[in-house]
Protein chains: 2
Amino acid sequence: MNDHSSALLTDHYELTMLQGALHSGAAARRSVFEMFARRLPEGRRYGVVGGTGRFLELLERFRFRTEELDFLSDRGVVDERTLEWLSEYRFSGDVWGYGEGEAYFPGSPILAVEGTFAEAVLLETLALSVYNHDSAIASAASRMSVAAGGRPMIEMGSRRTQEHSAVAAARAAYIGGFATTSNLEAGRAYDVPTSGTAAHAFTLLHDSERHAFEAQIGSLGPGTTLLVDTYDVERAVSTAVELAGPELGAVRIDSGDLGRTAARVRRQLDSLGATGTRIVVTGDLDEHSIQALAVAPVDGYGVGTSLVTGSGAPTVSLVYKLVARARGTGPEEPLEPVAKRSVGKPSRGGRKWASRRLDDHGTAVAEEVFPYDPGTAVGTRPLLRKLVSDGEIVGHESVHEARERHRATVDELPEQALRMSRGETALPTVFH
Amino acid sequence: MNDHSSALLTDHYELTMLQGALHSGAAARRSVFEMFARRLPEGRRYGVVGGTGRFLELLERFRFRTEELDFLSDRGVVDERTLEWLSEYRFSGDVWGYGEGEAYFPGSPILAVEGTFAEAVLLETLALSVYNHDSAIASAASRMSVAAGGRPMIEMGSRRTQEHSAVAAARAAYIGGFATTSNLEAGRAYDVPTSGTAAHAFTLLHDSERHAFEAQIGSLGPGTTLLVDTYDVERAVSTAVELAGPELGAVRIDSGDLGRTAARVRRQLDSLGATGTRIVVTGDLDEHSIQALAVAPVDGYGVGTSLVTGSGAPTVSLVYKLVARARGTGPEEPLEPVAKRSVGKPSRGGRKWASRRLDDHGTAVAEEVFPYDPGTAVGTRPLLRKLVSDGEIVGHESVHEARERHRATVDELPEQALRMSRGETALPTVFH
């Protein structure tokens with residue numbers, strides 16, 4: 001979708017605010033917006049930043065072309081002067097952000113956008129849509145990866161989320177530690193490895209399970225994964241090994257008591273000499289059931305619904321707030337902190353920097369947030385990367401780099417961060 | 001996005017099943033797949049079908065062009081023969097479905113796809129992605145509309161869901177009874193009315209709340225909606241009426257105890273002569289808090305997070321199952337029912353038809369499902385519409401038609417269906 005404008009993936013009021021600010025003259029005031037979470041989803045010990053790479057892609061396509069301007073004009077969304085301004089819109093400011101895959105905590109300034117009010121306010125809705133979704137999925141994926149303890153996981157939730165969310169979810173899950181996805185568009189668009197073999201329909205289509213297995217092995221080879229729970233699992237496993245031999249790649253179990261069935265199937269496979277045949281389990285898994293299967297002879301997990309719905313937290317409630325702005329409109333005017341006083345929704349004014357404090361063993365002990373750039377100091381790791389410089393995107397990276405960053409950041413977290421039980425935030429956020 | 005192929009918005013295994021079925025020869029067997037829910041989300045009394053119109057749009061663009069085939073070939077997803085078959089793919093079968101906006105119940109056959117196995121299986125993932133998402137949102141929207149009892153609602157959840165889900169959610173919410181959306185792309189793509197004025201950032205940008213209000217009124221006119229809770233609500237309301245006069249369109253309250261604040265603001269507005277100024281409340285509303293505000297002087301609601309996350313049910317667990325197939329490959333071969341025997345996931349084999357039974361007062365009393373076409377009978381309303389005929393899409397309609405259907409179907413439901421408390425399914429599903 002690389003030639004489409006992303007400019008209307010936004011809220012009506014961003015444009016009417018622009019119109020009002022052009023009217024008052026404040027549109028040109030230098031401003032800083034920050035994205036952060038006031039809290040983590042209930043019981044979560046850490047969050048994972050997802051969406052950085054997608055946001056940068058969409059920012060590149062945030063352009064008001066004739067089609068977009070005609071719509072805004074026909075509907076009377078904004079006035080002529082605003083339409084003219086929009087027709088020349090290019091974000092020309094700077095953006096800093098946490099690296100994608102990085103852990104975050106309440107108050108972590110995971111994105112900072114600096115530019116004129118006009119150019120920065122327009123990005124609010126899009127930035128939040130991308131980060132709130134992708135971070136929810138990356139956070140859930142990370143917990144599941146920890147629960148799986150190294151056993152590979154397949155993301156297969158496309159059918160349980162909107163078709164484009166499915167692509168973003170597959171990407172975020174990969175960053176959060178999943179090995180592959182069922183989603184082909186995620187393979188094409190983001191180079192996420194894809195996998196899959198057959199569903200129950202394939203067995204039901206044929207005159208018998210034997211016919212179905214013969215067709216699948218004949219077409220995909222004995223290394224394929226056969227789904228063995230359409231009728232009777234024991235008979236299916238026996239037929240599978242008879243037809244594919246001990247080179248059978250894997251069997252998949254999608255129903256029943258997965259742990260007990262896996263144990264029975266393992267014994268049967270071993271007794272048939274198929275000791276190298278793997279067992280993959282699927283069917284309403286989440287981090288808790290994955291962890292419960294740790295003692296079962298399971299070689300891989302397929303996870304769908306719980307992953308793509310953020311395992312109980314389909315959004316992570318990130319907000320994008322004006323934290324500072326100049327009073328005058330010159331590029332050198334000093335920034336002044338601003339914050340509203342709404343009941344129950346405090347904000348901290350002023351641009352922020354962040355680093356993670358590590359102890360002598362390299363274990364994270366605190367999230368530190370500063371109202372100035374603290375530079376690099378021994379025992380701290382700066383968390384903000386430059387993503388956009390004078391309007392030029394400089395923060396592109398592959399999902400593989402983000403996945404590697406995620407792995408490193410999780411390794412650095414204290415042990416209690418990785419427990420599946422509900423708990424407190426694993427690191428305190430210290431505001432300097 | 002109308003020129004993009006939707007063909008890779010699907011699961012890897014749909015294509016490997018196709019390859020296996022081409023290998024065995026069963027790919028050409030006439031087949032029927034049905035989409036249904038085994039149950040409603042916990043405590044829900046009815047579901048609402050969403051996604052029909054979007055599915056038909058995406059079906060029109062389900063084409064394997066050179067770009068898609070190259071990806072499948074490079075990654076070795078399927079073999080040469082399958083790639084050739086895909087290059088000529090056009091769905092040539094028939095599709096029936098519940099009208100969009102219609103209520104549904106467990107077992108309701110909300111979509112039936114008939115064609116060869118090959119052409120029908122390929123649509124599984126895409127159909128489920130669209131319907132599972134859009135029906136979740138339409139169902140939540142419908143409950144909120146009932147709770148709001150005629151007061152207009154604004155959908156404003158774009159920032160709390162993926163950017164393309166946001167568009168689909170705005171569309172589904174409109175069908176489910178919302179009056180407008182904040183999402184501009186939903187306005188352009190689906191003709192959903194859009195609305196919005198300003199956020200807290202607009203007030204913070206200016207040197208004072210007074211300056212901000214002056215700019216907004218000067219630019220958008222006195223009929224605008226002013227956000228009054230950035231600092232002190234009472235002072236803001238006083239400033240708002242002073243500047244806009246009694247023609248002030250509305251004030252918006254986004255924090256605190258919305259009911260009490262609305263009552264206080266109503267008295268203040270009335271005392272200032274602004275008796276026609278409306279009060280709009282926003283901020284973490286769901287159907288329960290909307291209902292609780294029934295006694296407050298509130299003129300409209302803005303709903304975000306709870307709506308776009310399906311109010312606790314972000315997916316409605318629809319499945320797409322092979323229910324019948326022929327043994328031979330001719331177009332006239334008789335269909336035979338099929339069903340798997342997996343533990344805890346029973347399916348009913350065979351193509352189904354459905355109608356809603358009404359009592360003498362026109363109130364719905366049962367969902368009736370037949371293994372044959374029962375025709376039209378007094379006291380029943382057939383529920384399936386022809387959506388695709390011999391590959392040609394015949395079921396296009398506007399969101400306005402779907403919205404009207406939804407209104408009519410809700411009016412027909414028994415009173416207990418419309419309660420907000422958790423309950424049983426409002427209508428029994430009777431399988432004939």
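The values are calculated or read from the model by the stated rules, or taken from the named source; none is laboratory data. All values reported here derive from a predicted model rather than from experimental measurement. Please note: Cβ atoms are built from the backbone with ideal geometry, for glycine as well, and neighbour counts cover all protein chains shown.
Structural remarks
- The residue of region A:47-63 that is farthest from B:G312 (Cα to Cα), among those that are among the aliphatic types (A, V, I, L, M) and within 13 Å of chain B (Cβ to nearest Cβ), is A:L59.
- Cβ-Cβ contacts under 9 Å between residues 6 or more apart (or on different chains), taken from a first residue in region B:18-46 that is more than 13 Å from chain A (Cβ to nearest Cβ) and over 12 Å from B:T329 (Cα atoms) to a second residue that is assigned to a strand (DSSP E or B) and among the aromatic types (F, W, Y), are listed as B:F36/B:Y104; B:F36/B:Y320; B:L40/B:Y104; B:Y46/B:Y104.
- Output for region B:51-104, where each listed residue is in a strand (DSSP E or B) and among the hydroxyl-bearing types (S, T, Y): B:Y98, B:Y104
- Test: residue in region A:124-131 that is out of contact with any strand residue (DSSP E or B) (no Cβ under 7 Å at 6 or more places or on another chain) and outside the structural domain of A:G391 (by TED's automatic domain parsing): no
- Members of region B:75-99 that are touching a residue at least 12 places away in the same chain (Cβ under 8 Å) and of a type outside the set (A, V, I, L, M, F, W, C): B:D79, B:R81, B:T82, B:S87, B:Y89, B:R90, B:S92, B:G93, B:D94, B:G97, B:Y98, B:G99
- Selection within region B:263-286 - within 36 Å of the chain's Cα centre (by Cα), buried (at least 22 other Cβ atoms within 10 Å of the Cβ) and either at pLDDT below 95 or assigned to a helix (DSSP H, G or I) (or both): B:V265
- Residue match in region B:172-191 (condition: under 15 Å from the mean Cα position of the chain (by Cα), over 19 Å from A:Y320 (Cα atoms) and of a type in the set (K, R)): no
- Of the criteria (1) at the interface with another protein chain (Cβ under 9 Å from one of its Cβ atoms); (2) in a loop (DSSP other than H, G, I, E, B); (3) crowded, with 24+ Cβ neighbours inside 10 Å; (4) not aromatic (F, W, Y), which one A:L128 fails: (2)
- Only one entry in A:S142, A:S182, A:S135 is surrounded by 24 or more Cβ atoms within 10 Å (Cβ to Cβ) and either acidic (D, E) or facing chain B (nearest Cβ under 7 Å) (or both), namely A:S182.
- Test: residue in region B:379-399 that is under 22 Å from B:A138 (Cα atoms), in contact with a helix residue (DSSP H, G or I) (Cβ under 8 Å, 6 or more places away or on another chain) and of a type in the set (A, V, I, L, M, F, W, C): yes
- Within region B:342-359, if we keep just the residues that are modelled with pLDDT under 70 and surrounded by fewer than 16 Cβ atoms within 10 Å (Cβ to Cβ), the residue that is nearest to the other protein chains (Cβ to nearest Cβ) turns out to be B:V343.
- Of the residues making up region A:85-116, those that are of a type in the set (G, A, S), surrounded by 24 or more Cβ atoms within 10 Å (Cβ to Cβ) and closer than 20 Å to A:A7 by Cβ number 0.
- Strands (runs of 3 or more DSSP E) within region B:317-432 that include 3 or more residues in contact (Cβ under 8 Å) with a residue 60 or more places away in the chain: B:318-326, B:353-358, B:364-370, B:384-389, B:429-431
- Residue tally, condition within 11 Å of chain B (Cβ to nearest Cβ) and either in a strand (DSSP E or B) or under 26 Å from A:E424 (Cα atoms) (or both), over region A:105-125: 1
- For region B:230-262, taking the residues that are assigned to a helix (DSSP H, G or I) and under 33 Å from the mean Cα position of the chain (by Cα), the one that is nearest to the other protein chains (Cβ to nearest Cβ) is identified as B:T261.
- A:A294 vs. criteria assigned by TED's automatic domain parsing to the domain that holds A:G196, part of a helix (DSSP H, G or I) and crowded, with 21+ Cβ neighbours inside 10 Å: no
- Conditions (1) within 11 Å of chain B (Cβ to nearest Cβ); (2) part of a helix (DSSP H, G or I); (3) at positive phi: number failed by A:Q216: (3)
- Positions within region B:305-333 being within 10 Å of chain A (Cβ to nearest Cβ), surrounded by fewer than 20 Cβ atoms within 10 Å (Cβ to Cβ) and charged (D, E, K, R), in sequence order: B:R327
- A:S5 falls short on exactly one of the conditions (1) assigned to a loop (DSSP other than H, G, I, E, B); (2) more than 19 Å from the chain's Cα centre (by Cα); (3) at the interface with chain B (Cβ under 9 Å from one of its Cβ atoms), and that condition is (3).
- Residue pairs meeting the criteria (Cβ under 8 Å; at least 6 apart or on separate chains; first at negative phi and more than 7 Å from chain B (Cβ to nearest Cβ), in region A:197-210; second surrounded by fewer than 24 Cβ atoms within 10 Å (Cβ to Cβ) and among the basic types (K, R)): A:T203/B:K340; A:E209/A:R235
- A:H164 meets all of the listed conditions (1) under 17 Å from A:E57 (Cα atoms); (2) in contact (Cβ under 8 Å) with a residue 40 or more places away in the chain but one, namely (2).
- In region B:391-432, the qualifying residues are those that are aliphatic (A, V, I, L, M) and within 27 Å of B:R348 (Cα to Cα), and the one that is surrounded by the most Cβ atoms within 10 Å (Cβ to Cβ) is B:L427.
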